[in-house]
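Chemist: Quick one: this structure, given as structure tokens, is what I'll be asking you about.
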Amino acid sequence: MYSSEEKREIIINTLLYILQKLGGSGDFHKVFKILYFADEKHLAKYGAAINPDTYVAMNYGPVPSMAYEILKSLRGEGFMVQLKHEFTPYFELTNNHTVRAIAKPDMDYLSESEAQCIDESIKENQYLGFKGRTDKSHDNAYNNPDDDGYISFIKMAKVGGANDAMLNYINDSLENNTAVVQ
């Protein structure tokens, strides 16, 4: 389990990595969908998500909740607006939905396998238009969220091609992370 601060650091550096690979900037939709598809790959291959965030099923596809709050804070919106000063050394908005990296990612926050899955996702998805990314992200995991609209890592792993052994591993890991020690 990560603290909120650790989650923010991982997310910041993951977003910076994606933006760097996209040439320095990207719209929220493109960045979030590239991350989503990379997470599906990483879950299926390695049994863990890159992003320690939760994905919410929104109208135009899955959205990483905390990552979205970080970027919305730059507009003076959302639950993290009071932390905006923590994010401005890394990002700036070029318009309401496009973010530019103003720092390099700290690669200590990304493993080689995570970077590889992000790179694959960028290669496969960077040239898709808004509709193409939206349609592709409306997969089985997206279409079957829980009652609160959250998308399951198990379902994402299935979409990514995880076998039964990997799905069992992910399920056990998730149970261990939420277990209460008495």
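The values are calculated or read from the model by the stated rules, or taken from the named source; none is laboratory data. Just so you know, these numbers come straight off a predicted model, no measurement behind them. With ideal geometry, Cβ positions are generated from the backbone for all residues, glycine too; neighbour counts draw on all protein chains shown. All accessible areas refer to the heavy atoms of the entire protein, side chains included, with ligands and DNA or RNA removed. Shrake-Rupley method; radii C 1.70, N 1.55, O 1.52, S 1.80 Å.
Chemist: What is the range 1-80 by shape, rounded, prolate or oblate, if you read a ≥ b ≥ c off the alpha carbon gyration tensor as root eigenvalues and call it rounded for a/c under 1.5, prolate for a/b larger than b/c, and oblate otherwise? All intermediate terms of the calculation are to be shown ahead of the outcome.
Modeler: Details: a/c = 1.36, a/b = 1.19, b/c = 1.14.
Rounded.
Chemist: Using a probe of 1.4 angstrom, how much of the accessible area of the range 69-157 is carbon and sulfur, in percent? All intermediate terms of the calculation are to be shown ahead of the outcome.
Modeler: Values: 2510 of 5070 Å².
Taking all protein chains in place, the range 69-157 shows 50 percent carbon and sulfur surface.
Chemist: Right, something else. What span do the alpha-carbon atoms of the range 36-78 cover on each of the three principal axes, reported in whole Å from largest to smallest?
Modeler: Between the extreme Cα coordinates on each principal axis of the range 36-78 lie 37, 20, 12 Å.
Chemist: Accessible area per residue, 1.4 Å probe, Å², for the chain: what's the number? Each step should come with its number before you reach the end.
Modeler: Details: 9450 Å² over 182 residues.
Roughly 52 Å² per residue, with all protein chains present.
Chemist: Right, something else. Of Tyr127, Tyr109, Tyr17, which has the most accessible area and how do the rest follow, probe 1.4 Å?
Modeler: On the way: Tyr127 190, Tyr109 85, Tyr17 15 Å².
Result, largest first: Tyr127, Tyr109, Tyr17.
Chemist: Testing the spin-label approximation: label points 7 Å from Cα along Cα→Cβ at Tyr60 and Asp164. State their distance in nm.
Modeler: About 4.1 nm, to one decimal.
Chemist: Under a point-charge model restricted to the Cβ atoms of Lys and Arg (+1) and Asp and Glu (-1), what is the dipole moment magnitude of the chain relative to its Cα centre, in debye to the nearest 20? The partial results should precede the final answer.
Modeler: Values: 18 positive and 26 negative charges, 147 e Å.
Result for the chain is approximately 700 debye, rounded to the nearest 20.
Chemist: Ok, one more. Determine by what factor the alpha-carbon radius of gyration of the range 61-142 differs from 2.2 N^0.38 Å, reporting the quotient. Could you put the intermediate results ahead of the total?
Modeler: Numbers: Rg = 14.6 Å, N = 82, 2.2 N^0.38 = 11.7 Å.
Normalised by 2.2 N^0.38 Å, the Cα Rg of the range 61-142 equals 1.24.
Chemist: Something else about it: Can you tell me the orientation of helix 112-125 relative to the chain, as the angle in degrees between its alpha-carbon axis and the longest Cα principal axis, to the nearest 10?
Modeler: The answer is roughly 70 degrees.
Chemist: Restricting to DSSP H runs of at least four residues, report the calculated mean residue ellipticity at 222 nm for the chain, -39500 (n - 2.57) per run over all residues, nearest 500 deg cm²/dmol.
Modeler: Numbers: 8 runs with 95 residues, N = 182.
The helix contribution divided over the chain gives -16000 deg cm²/dmol.
Chemist: What whole number of Å gives the distance from the Cα centroid of the range 121-182 to the Cα centroid of the range 1-66?
Modeler: Each part's Cα centre sits 12 Å from the other's.
Chemist: Now for a separate question. Full extension from Tyr127 to Met107: what is 0.36 nm times the residue separation minus their Cα-Cα distance, to one decimal in nm?
Modeler: Values: separation 20, 0.36 × 20 = 7.20 nm, distance 2.50 nm.
Length gained, Tyr127 through Met107: 4.7 nm.
Chemist: Still on this structure, please answer the following. At 1.4 Å probe size, put Lys104, Lys33 in order of accessible surface, largest to smallest. Provide the component values of the computation, followed by the final result.
Modeler: Values: Lys104 170, Lys33 5 Å².
Highest to lowest solvent-accessible surface, that is Lys104, Lys33.
Chemist: Could you give the length gained by full extension between Glu92 and Tyr150, i.e. 0.36 nm per residue of separation minus their alpha carbon distance, to one decimal place? Before the final figure, lay out the partial values.
Modeler: Working: separation 58, 0.36 × 58 = 20.88 nm, distance 2.78 nm.
Stretched out fully, the Glu92 to Tyr150 stretch lengthens by 18.1 nm.
Chemist: At a Förster radius of 35 Å, what calculated FRET efficiency corresponds to the Cβ-Cβ distance of Glu6 and Asp135, to the nearest 0.05?
Modeler: Numbers: r = 34 Å, r/R0 = 0.97.
Efficiency, from the Cβ-Cβ distance: 0.55.
Chemist: So, one more: Starting from the Cα coordinates of the chain, work out the convex hull volume and express it per residue in Å³. Don't skip to the answer; put the middle values down first.
Modeler: On the way: hull volume 23.1 nm³, N = 182.
Considering the Cα atoms of the chain, their hull volume per residue is 127 Å³.
Chemist: Shape verdict for the range 63-105, please, from the Cα gyration tensor: rounded (a/c under 1.5), prolate (a/b greater than b/c) or oblate. Don't skip to the end; give the middle numbers.
Modeler: Numbers: a/c = 1.42, a/b = 1.29, b/c = 1.11.
It comes out rounded by the Cα gyration axes.
Chemist: When Lys and Arg each count +1 and Asp and Glu each count -1, what net charge do the other residues less than 12 Å away from Tyr55, Cβ to Cβ, add up to? It would help to have the intermediate numbers written out before the result.
Modeler: On the way: positive: Lys33, Lys155; negative: Asp39, Glu40, Asp53, Asp139, Asp146, Asp148.
Within the 12 Å Cβ shell, the charges total -4.
Chemist: Which of the GluC sites (Glu not before Pro) across the range 65-143 are loop residues per DSSP, with 15 or fewer other Cβ within 10 Å?
Modeler: On the way: sites: Glu69, Glu77, Glu86, Glu92, Glu112, Glu114, Glu120, Glu124; in loops: Glu77.
Taking the range 65-143 and a limit of 15 other Cβ atoms within 10 Å, the loop GluC sites (Glu not before Pro) found are Glu77.
Chemist: I've got another one for you. Mind checking which of Ser73, His138, Thr94 is farthest towards the positive end of the chain's charge dipole, using Cβ charges of +1 (Lys, Arg) and -1 (Asp, Glu) about the Cα centre?
Modeler: Thr94
Chemist: Lysines within cross-link reach of Lys41: Cα-Cα under 27 Å, excluding same-chain residues under 8 positions apart?
Modeler: The reachable lysines, counting only those whose Cα sits under 27 Å from Lys41, are Lys7, Lys21, Lys30, Lys33, Lys72, Lys104, Lys123, Lys131, Lys136, Lys155, Lys158.
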